[in-house]
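A.B. asks: One structure follows; several queries about it will come next.
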Amino acid sequence: MKNLELSRNFVDGLLKDNKQVSENSVEKINYFREAIKLAYPNYRKIFKNDAKSFEEFATNIILRHNHKILNQSIDFQKNYFKNPQYIEKLIKDTIKAEEAKRNPNHTFTRDSFIDPSILEFQNLIDRRYQKFMKIDRKMINEKEKTIFDLFERFFEELISGVMLLEHEYLNDTFIIWRSLLETTTTLLILIENPQLIGRFDERRKLALMRLKIIKTPPGGLDAKSMETKTHLGIKNVAPFIAERFGWAGELIKTRDYSMATLLEIAKLNDLHAHYSFASIFVHEYLIRPGDLSLEVDFNKYLLTLYFKLYELVRIPLSHLFTNDLEDAKKLEEGIRAEVRNYSGRFNDFSLKIKNT
């Protein structure tokens, strides 16, 4: 086995600690370098020829740390690298996780056959997400920050939904899609109407006030709630209606205050039937995919719904942040062909649920 050494730059580049709390000091970097170096031979004994490279092993440990550390107390974040038990547990948990994933009976192990179109979609999403996450948030102004946050939420929901679809947790996949549609609708409306971003941000602050997470201003919640009614343009509505839709009041005008109206504004009317159907599917009626097998292949139906939402943001995402559309086109070819081939049955089913 070659001499095992992680460079300081390698560790420094992977660590995502809050540097305002704790800088990546030489002591901290060496904490990871030395512990991982000592642990790797034992890891090799466990996995033998299937063991990952030293660098991959180190990367998995540091990424696990990144996932855990920001949820710890400030004092812990400042001093964790003085505690050998912390890195020992990280290493042990990393090995346990890999053992579980290699167990064919493990719940979350990939099946021997997965729809290749789902894998292609995952690869596409991952490529664009990785580029998106490399954007320097410091270079984003306040208005762009709201759009950025919505794109980040879009990606998180898209990734979650497609992972659930891979394992055929179809009920949960549909729940996430419904939420993803709401996120996409808001995102598209704010991209087209940036003058509403301030009001949308105020809606978020009001929600945090109701949860007592941020302080209520001197006028109290009633005064803030009345502002949303003013934005909506009408006062005789329930506060929860005004607080939900007030930010888009100048676009809603005399229409109903509902998700259907927001979908109409975003030019997504054709997805409203699927949004309503999702509510029936995931709530009290307990409809199962097997009940619909003669009407629709539910896996392909959900894959199509997710791809339709991805398509709606692919260009705004590229123009606003990553400028990677040419690269994305190559990765989209397979999934686009799959969705196109299924479009006949999808459209027939869409018409059926729209008419009911």
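The values are calculated or read from the model by the stated rules, or taken from the named source; none is laboratory data. On a predicted model such as this, the values are computed, not experimentally measured, just so you know. Cβ placement follows ideal geometry from the backbone for every residue including glycine, while neighbour counts extend to all protein chains displayed.
A.B. asks: Out of all the residues in region 1-48, which are of a type in the set (Asp, Glu), in contact (Cβ under 8 Å) with a residue 12 or more places away in the chain and either surrounded by 13 or more Cβ atoms within 10 Å (Cβ to Cβ) or within 20 Å of ALA100 (Cβ to Cβ) (or both)?
C.D. replies: ASP12, ASP17, listed by residue number.
A.B. asks: Please work out if LEU303 is under 24 Å from ILE125 (Cβ atoms), touching a Leu at 6+ places or on another chain (Cβ under 6 Å) and not polar (S, T, N, Q).
C.D. replies: No: the conditions fail for LEU303.
A.B. asks: Return the only residue of LYS215, LYS224 being in contact with a Leu (Cβ under 6 Å, 6 or more places away or on another chain) and not small (Gly, Ala, Ser). Write out each step before concluding.
C.D. replies: Numbers: LYS215 fails: in contact with a Leu (Cβ under 6 Å, 6 or more places away or on another chain).
Only one candidate qualifies: LYS224.
A.B. asks: Still on this structure, I have one more. ILE265 fails exactly one of the following numbered conditions: (1) touching a helix residue (DSSP H, G or I) at 6+ places or on another chain (Cβ under 6 Å); (2) more than 30 Å from SER343 (Cβ to Cβ). What is the number of that condition?
C.D. replies: Checking ILE265 against (1) touching a helix residue (DSSP H, G or I) at 6+ places or on another chain (Cβ under 6 Å); (2) more than 30 Å from SER343 (Cβ to Cβ), the one that fails is (2).
A.B. asks: Yes or no: LEU286 at pLDDT below 80 and more than 22 Å from LYS224 (Cα to Cα)? Even if it seems obvious, please write down each step before you answer.
C.D. replies: Details: at pLDDT below 80: yes; more than 22 Å from LYS224 (Cα to Cα): yes.
When the stated conditions are applied, LEU286 passes them.
A.B. asks: Let me ask another. Can you name the residue in region 75-85 that is modelled with pLDDT of 95 or more and either aromatic (Phe, Trp, Tyr) or surrounded by 16 or more Cβ atoms within 10 Å (Cβ to Cβ) (or both) and, of all such residues, is farthest from the chain's Cα centre (by Cα)?
C.D. replies: Top of the filtered list is PHE81.
A.B. asks: In this structure, does PHE321 turn out to be farther than 19 Å from GLN122 by Cβ and either assigned to a helix (DSSP H, G or I) or at pLDDT 85 or above (or both)?
C.D. replies: yes
A.B. asks: Further question: What do you reckon, is PHE200 modelled with pLDDT of 85 or more and not assigned by TED's automatic domain parsing to the domain that holds GLU144? Step through it out loud before you land on a result.
C.D. replies: On the way: modelled with pLDDT of 85 or more: yes; not assigned by TED's automatic domain parsing to the domain that holds GLU144: yes.
It is true that PHE200 is modelled with pLDDT of 85 or more and not assigned by TED's automatic domain parsing to the domain that holds GLU144.
A.B. asks: Does region 156-197 hold any residues that are touching a Gly at 6+ places or on another chain (Cβ under 6 Å) and at pLDDT below 95, and which are they?
C.D. replies: Of everything in region 156-197, just one residue is touching a Gly at 6+ places or on another chain (Cβ under 6 Å) and at pLDDT below 95, namely THR173.
A.B. asks: So, PHE57, is that one closer than 30 Å to GLU168 by Cα, out of contact with any strand residue (DSSP E or B) (no Cβ under 9 Å at 6 or more places or on another chain), touching a residue at least 24 places away in the same chain (Cβ under 8 Å) and not assigned by TED's automatic domain parsing to the domain that holds MET163 or not?
C.D. replies: So PHE57 fits the description; yes.
A.B. asks: Taking only pairs six or more apart or across chains, which ones have beta-carbon atoms under 9 Å, a first residue in region 108-131 that is farther than 19 Å from ILE315 by Cα and not assigned by TED's automatic domain parsing to the domain that holds PHE155, and a second residue that is modelled with pLDDT under 80 and charged (D, E, K, R)?
C.D. replies: PHE108/LYS101; THR109/LYS101; THR109/ARG102; ARG110/LYS101
A.B. asks: Of everything in region 215-271 that's on the phi > 0 side of the Ramachandran plot and in a loop (DSSP other than H, G, I, E, B), which residue is surrounded by the fewest Cβ atoms within 10 Å (Cβ to Cβ)?
C.D. replies: The selected residue is LYS253.
A.B. asks: Consider THR304 carefully, then state whether it is in contact with a Gly (Cβ under 7 Å, 6 or more places away or on another chain) and of a type outside the set (Asp, Glu).
C.D. replies: no
A.B. asks: Taking region 284-296, which residues are over 14 Å from PHE174 (Cα atoms) and either surrounded by 13 or more Cβ atoms within 10 Å (Cβ to Cβ) or not assigned by TED's automatic domain parsing to the domain that holds LEU165 (or both)?
C.D. replies: LEU292, GLU295, VAL296
A.B. asks: Okay, next question. Looking at region 49-58, which of the residues that are surrounded by fewer than 18 Cβ atoms within 10 Å (Cβ to Cβ) and in a helix (DSSP H, G or I) is farthest from the chain's Cα centre (by Cα)?
C.D. replies: ASN49
A.B. asks: Ok, one more. What do you reckon, is LEU4 touching a helix residue (DSSP H, G or I) at 6+ places or on another chain (Cβ under 8 Å), aliphatic (A, V, I, L, M), over 24 Å from LYS134 (Cβ atoms) and not in a helix (DSSP H, G or I)?
C.D. replies: yes
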